[in-house]
Amino acid sequence: QVQLVESGGGLVQAGESLRLSCAASGSIFSNNVMGWYRQAPGKQRELVARITSGGSTNYRDSVKGRFTISRDNAKNTVDLQMNSLKPEDTAVYYCFHGGPGGTSWGQGTQVTVSS
């Protein structure tokens, strides 16, 4: 089992930036994928960005060019730098870790972007 602890959410105005961080501990395999999903009220959870242990990244189209995902394999952390935030980015953001043992989730952190 992998435990995930998130930090960095908050309330910002449109156009501002936030950085989310997630620290993993527990049964972490060297070959894994980490990233962020988000869920807005009344909507399904959606993938925001993911990064493999080898450094390959994927982003949903609506955040490309604004969000950057990065990780530190030595520290088992993954960060999401969010720039030029929009009101439609408002959601609870969940860190995840996927590996041979399955997928683990963080508790979620609220990001609110006011117009």
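Things to note:
- Output for the stretch 98-115, where each listed residue is exposed (fewer than 14 other Cβ atoms within 10 Å of the Cβ) and not hydroxyl-bearing (Ser, Thr, Tyr): Pro100, Gly102, Gln107, Gln110
- Residue tally, condition within 13 Å of the chain's Cα centre (by Cα), open to solvent by less than 10 Å² (accessible area, probe 1.4 Å) and closer than 26 Å to Gly42 by Cα, over the stretch 70-97: 7
- Only residues that are of a type in the set (Ser, Thr, Tyr) and in a strand (DSSP E or B) were counted across the stretch 1-39, and they come to 4.
- Residue count for the stretch 46-69, restricted to those that are surrounded by 15 or more Cβ atoms within 10 Å (Cβ to Cβ) and within 12 Å of Tyr94 (Cα to Cα): 3.
- Cβ-Cβ contacts under 8 Å between residues 6 or more apart (or on different chains), taken from a first residue in the stretch 14-30 that is more than 20 Å from Gln1 (Cβ to Cβ) to a second residue that is surrounded by fewer than 12 Cβ atoms within 10 Å (Cβ to Cβ) and among the small types (Gly, Ala, Ser), are listed as Ala14/Ser114; Ala14/Ser115.
- Complete set of residues in the stretch 26-41 that are open to solvent by less than 50 Å² (accessible area, probe 1.4 Å), of a type in the set (Gly, Ala, Ser) and over 12 Å from Cys95 (Cα atoms): Ala40
The values are calculated or read from the model by the stated rules, or taken from the named source; none is laboratory data. Note that the coordinates shown come from a computational prediction; the quantities given were computed from them, not determined experimentally. Positions of Cβ are backbone-derived with ideal geometry, glycine not excepted, and every protein chain shown enters the neighbour counts. Accessible surface areas use protein heavy atoms only, side chains included; no ligands, DNA or RNA. Shrake-Rupley method; radii C 1.70, N 1.55, O 1.52, S 1.80 Å.
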